[in-house]
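I have placed the structure first, in the form of structure tokens, so that the comments after it can refer back to it.
Derivation of every value follows stated rules applied to the coordinates shown; laboratory data play no part. Remember, it's a predicted structure, so these values are computed and weren't measured experimentally. With ideal geometry, Cβ positions are generated from the backbone for all residues, glycine too; neighbour counts draw on all protein chains shown.
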Amino acid sequence: MNKKTLICKFWLACMTGGAMAAAAVARQLPVPAATAAATDKVIADLVAASRILADLNVMDGFGHVSARHPSHPDHFLMSRSKAPATVTAEDIVEHDQDGNGIDANGRGLFLERYIHSEIYRTRPDVMAIVHSHSPGVVPFSVSQTPLRPVYHNSAFLGAGVPVFEIRQTAGMSDMLIRNAQIGKALAAVLADKPVVLLRGHGDVVVGPSLPIVVFRAYYTEVNARLQQQAIALGPVTYLEPEEARIADKVNEQVVMRPWDLWKKKVGEKQPSP
Ligand SMILES: [Zn+2]
């Protein structure tokens, strides 16, 4: 039995041709079947998350979602630079702690991958990250009105929503989080919160799983629109911090209900070419 045959006996992904298997083959490292299966599951959920966020109009041609690598926790998995609705498992690239694509093989990466690398570095509780130009939140990134929870689905906003002012780190710039220095400054402003707005740009949402981060990214957008409607009607009564804390526990318990629905809906659509 040669070396490659021996390794393949332990690789479920080697038999299925998964993207992680390809990366492991390239590195010639034996990967236990359970580890490869866990990685393939994260990749499948990452593809679903990308398509769901496009389907829900949180993302359009721009935006990206990542997940911490299940067996290399200082690394993360994210698509190559591509429109979110068109992402497939073959597009997922393993990034190291500095945002380098270790199995990119010449494929272009997102300019703003330092959002992900610097937040994973400073927030061990974070397992998934969404960056988007979610249109409803942009007015709150440029005005003096803070984004606050108007209803229970967006209770996670009760922790407070800081705004990142890129000029303090980068001076006059193209507004993008295009290097580790800016990414580190952004992670510091996010601190221990679930959401940070980027002035004149969009937002970054973090969470302990892909279903929860997708839920939060969607309801951040919905809350922004509802909050503007409520403000137009007059004085607003927001969720109290204690109400927000209690309500968010329930959200995390029921998150698989909308996740399964959203996943089914995108699964029924034809894969984009
Ligand atoms: Zn961006």
Is it the case that some residue within region 169-192 is buried (at least 17 other Cβ atoms within 10 Å of the Cβ) and over 25 Å from Asp96 (Cβ atoms)?
no
Positions within region 60-74 being in contact with a Phe, Trp or Tyr (Cβ under 8 Å, 6 or more places away or on another chain) and surrounded by fewer than 19 Cβ atoms within 10 Å (Cβ to Cβ), in sequence order
Asp74
Complete set of residues in region 116-136 that are within 20 Å of Arg51 (Cα to Cα), within 16 Å of the ligand (Cβ to nearest atom) and either without any contact (Cβ under 8 Å) to a residue 12 or more places away in the chain or aliphatic (A, V, I, L, M) (or both)
Ile129, Val130
Answer yes or no as to whether Ser79 is within 16 Å of the ligand (Cβ to nearest atom), more than 21 Å from Lys184 (Cβ to Cβ), of a type in the set (Ser, Thr, Tyr) and in contact with a helix residue (DSSP H, G or I) (Cβ under 6 Å, 6 or more places away or on another chain).
yes
Region 162-191 residues that are on the phi < 0 side of the Ramachandran plot and of a type in the set (S, T, N, Q), paired with ones that are crowded, with 17+ Cβ neighbours inside 10 Å and not in a loop (DSSP other than H, G, I, E, B) (beta carbon under 7 Å, 6 or more apart)
Thr169/Ile182; Thr169/Ala185; Asn179/Tyr114; Gln181/Thr169
Could you say whether any residue in region 161-182 is in a strand (DSSP E or B) and closer than 17 Å to Arg113 by Cα?
yes
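For (1) outside any helix (DSSP H, G or I); (2) touching a residue at least 12 places away in the same chain (Cβ under 8 Å); (3) within 16 Å of the ligand (Cβ to nearest atom), each residue gets a yes or a no:
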position: Leu197; (1), (2), (3): yes, yes, yes
position: Val206; (1), (2), (3): yes, yes, yes
position: Ile212; (1), (2), (3): no, yes, no
position: Tyr219; (1), (2), (3): no, yes, no
position: Ala224; (1), (2), (3): no, yes, no
position: Gln229; (1), (2), (3): no, no, no
Candidate set: region 141-163, residues that are touching a strand residue (DSSP E or B) at 6+ places or on another chain (Cβ under 6 Å) and within 16 Å of the ligand (Cβ to nearest atom); chosen: the one farthest from Arg68 (Cα to Cα):
Ser141
